[in-house]
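Data block below; observations after.
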Amino acid sequence: MAHEDDFVTLLAADGTLTAILTGGIYKSGTLGPLGITRGTAAAAFDGNGYLLPCALVKERAVVAIADVVDYNTPLTSARQVVEVWLYQDQGSYAALDNARARIFTLLQGYMVSDGFEARLAQQFTRQREPGALAGASMARQDWQVFFILE
């Protein structure tokens, strides 16, 4: 299972988080290159076209590291960052702040299906989205996972 799948499954199963993120939780792998748009994620927008609080989970490249290496098996240790992007219509950060806190509670120390505990790598708060969402309020958490690549 891809780590973004693992994270979305966990986050979407939490009633407290889904009550905050009324626009939904999405995987990068299921959306087009522009991410959340009215065409790819219609449920993320209300009837007036405003962006509801929502999340986009996206994984980065797998990076091999030399902590564990076995040339006979073969296997190596690896790490990957999974980004959780949070959005809502511009002007407010309240839902994003609440979602960030809840996601931290859910993911800090979470055992990924094929590895070890997730840990917060970095966090961006109270930003503006410069692309397709036209200045929407935005936050992001980057989660680092370590695992054995076989």
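Points worth noting:
- Couplings 3J(HN,Hα) of segment 9-15, computed from phi: 4, 5, 5, 5, 7, 8, x Hz, in residue order, whole Hz [Karplus 6.51 cos²θ - 1.76 cosθ + 1.60, θ = phi - 60°; x for Gly and Pro].
- Candidates per trypsin sites (Lys or Arg not before Pro) in segment 22-119, loop by DSSP, up to 12 other Cβ within 10 Å: ARG38
- For a label point 7 Å along the Cα-to-beta-carbon line of ASP5, residues of segment 115-150 with backbone N under 19 Å: 115-116, 118, 145-150
- When the chain is treated as a Gaussian network with alpha carbon springs shorter than 10 Å, the biggest mean-square fluctuation among VAL57, VAL82, VAL69 belongs to VAL69.
The numbers here are math on the coordinates, done by the rules we state, and not lab data. These numbers come from a predicted model, not from an experiment. Please note: Cβ atoms are built from the backbone with ideal geometry, for glycine as well, and neighbour counts cover all protein chains shown.
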